[in-house]
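Some notes on the structure that comes next.
What follows draws every value from the coordinates through simple rules; no lab data is involved. These numbers were taken from a predicted model, which means no experiment stands behind them. Quick reminder, even Gly has a Cβ in these numbers, built from the backbone with ideal geometry, and neighbours come from all protein chains shown.
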Amino acid sequence: VQLQASGGGLVQAGGSLSLSCASSGRTFSNYAMGWLRQAPGKEREFVAGISAGGVSAYHADSVKDRFTISRDNAKNMVYLRMNMLKPEDTAVYYCAAARGPMATRRLDTYPYWGQGTQVTVSS
């Protein structure tokens with residue numbers, strides 16, 4: 001599976017950004033998708049996940065009510081809308097794919113990662 005994320009950038013605290021990810025190489029609608037992030041000096045962490053059909057979505061507590069994951073199976077795309085950004089959201093964000101249709105909050109559910117996109121939130 002190939003994953004290409006885009007949409008990162010520099011934004012002020014309180015601002016918004018939308019990330020997009022294009023997937024190819026397998027039947028997109030059969031697999032859960034997720035977003036992970038890694039801040040400097042920290043381990044990679046789960047941000048959000050969405051089931052294959054888009055019915056179930058999960059968000060980390062740190063981003064709940066601010067970030068929203070969605071997907072468009074017709075376009076093989078997954079998105080992350082990020083509102084009310086905080087400096088602690090600064091990280092490289094990775095689009096990730098699961099081995100099966102179920103999404104979880106576990107990092108190991110999403111073993112396939114694309115190249116990341118940098119999100120920097122200034123205070």
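With no solvent and one point per C-alpha, what does the Debye sum give as log10 I(q)/I(0) for region 83-123 at q = 0.20, 0.23, 0.35 Å⁻¹?
Values returned for q = 0.20, 0.23, 0.35 Å⁻¹ are -0.72, -0.82, -1.10.
Could you state the per residue volume, in Å³, of the convex hull enclosing the Cα atoms of region 28-93?
Once divided by residue count, the hull of region 28-93 is 82 Å³.
Could you work out the relative contact order of region 15-78, using alpha carbon pairs under 8 angstrom and six or more residues apart, expressed as a whole percent?
32
So what's the chain giving for Rg/Rh, alpha carbon basis, Kirkwood Rh from the mean inverse pair distance?
0.94
Relative contact order for the chain using alpha-carbon pairs under 8 Å, separation at least 6, rounded to a whole percent? Provide the component values of the computation, followed by the final result.
Details: 331 pairs, mean separation 43.7, N = 123.
Across the chain, relative contact order equals 36 percent.
If the cut-off is 29 Å between C-alpha atoms, which lysines fall inside it for Lys42, apart from same-chain ones fewer than 8 positions away?
Straight-distance partners of Lys42: Lys64, Lys86.
Work through the residues other than His59 whose Cβ is under 15 Å from its Cβ and net out their charges, Lys, Arg +1 and Asp, Glu -1.
Surrounding charge for His59 is +4.
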